[in-house]
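Novice: I'd like to ask you about the structure that follows.
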Amino acid sequence: MIKFHATPISLNLIHLAATIGGIVWICVMPFNPIYLVYIFLGYFFLAGFGHEIFYHRYFCHKSFETYKPVEWLGLALGVLSGRGSPTDWTAIHRYHHKFADSDQDPHNPRKEKWRAFFPYFFLYDQKINPFVVKDLLKSSTQRFINNYYNLIIILFAVVFAAIDLNLFFY
């Protein structure tokens, strides 16, 4: 069975495609200030709610509890933020906290300065230990997203483009 698991290369390609799409959109579409509002709100919801609140606070640190529909919404927003699957991101972040500022820290700024700020532009040489995220891997939804992350991103882009081509470029 083909797996569409997120890898550093695929994450870089997703970000590169989004950047190229944004540049093409700016060059082709007539400027309208409301588009900047859409971009800001989209980024705020994807990065703010999806990544920071759900990937970081909810999945990684278990800072709060919520209802399943809210968890699924946060999960969808986190996936659309383009930061990889929640299990991979959580594992890397938990390694970061366990080994903070040591040679085993995946975000160690003393080891590779740019990796601390742009982690997906560099290939992680460490494999994800499933034991670190065994709590997340109990969920069939998490396992599905982990295995088919890239396909989910592509399907969301296709759906947005089918609804309105402008949504594809946001």
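Novice: Looking for whichever is over 17 Å from Lys134 (Cβ atoms), of a type in the set (S, T, N, Q), free of Cβ contacts under 8 Å to residues at least 24 places away in the same chain and out of contact with any strand residue (DSSP E or B) (no Cβ under 7 Å at 6 or more places or on another chain) here; the options are Ser63, Ser81. Which one fits?
Specialist: Ser63
Novice: Among Leu151, Leu155, Leu136, which is the only one that is in a helix (DSSP H, G or I), surrounded by fewer than 13 Cβ atoms within 10 Å (Cβ to Cβ) and modelled with pLDDT of 70 or more?
Specialist: Leu155
Novice: Take Phe64 and decide whether it is more than 18 Å from His15 (Cα to Cα) and either open to solvent by less than 30 Å² (accessible area, probe 1.4 Å) or of a type in the set (Asp, Glu) (or both).
Specialist: Numbers: more than 18 Å from His15 (Cα to Cα): yes; either open to solvent by less than 30 Å² (accessible area, probe 1.4 Å) or of a type in the set (Asp, Glu) (or both): no.
Here the answer is no, as Phe64 does not meet what is asked.
Novice: Considering each of Ile34, Ile39, Ile26 in turn, give the residue that is open to solvent by less than 90 Å² (accessible area, probe 1.4 Å) and free of Cβ contacts under 8 Å to residues at least 40 places away in the same chain.
Specialist: It is Ile34.
The values are calculated or read from the model by the stated rules, or taken from the named source; none is laboratory data. In this text, all values refer to a predicted model and were calculated from it rather than measured experimentally. Here Cβ is always computed from backbone atoms with ideal geometry, including for glycine, and neighbour counts include all displayed protein chains. Ligands, DNA and RNA are stripped out before the accessible areas are found, and what is left, the full protein with its side chains, is counted by its heavy atoms. Shrake-Rupley method; radii C 1.70, N 1.55, O 1.52, S 1.80 Å.
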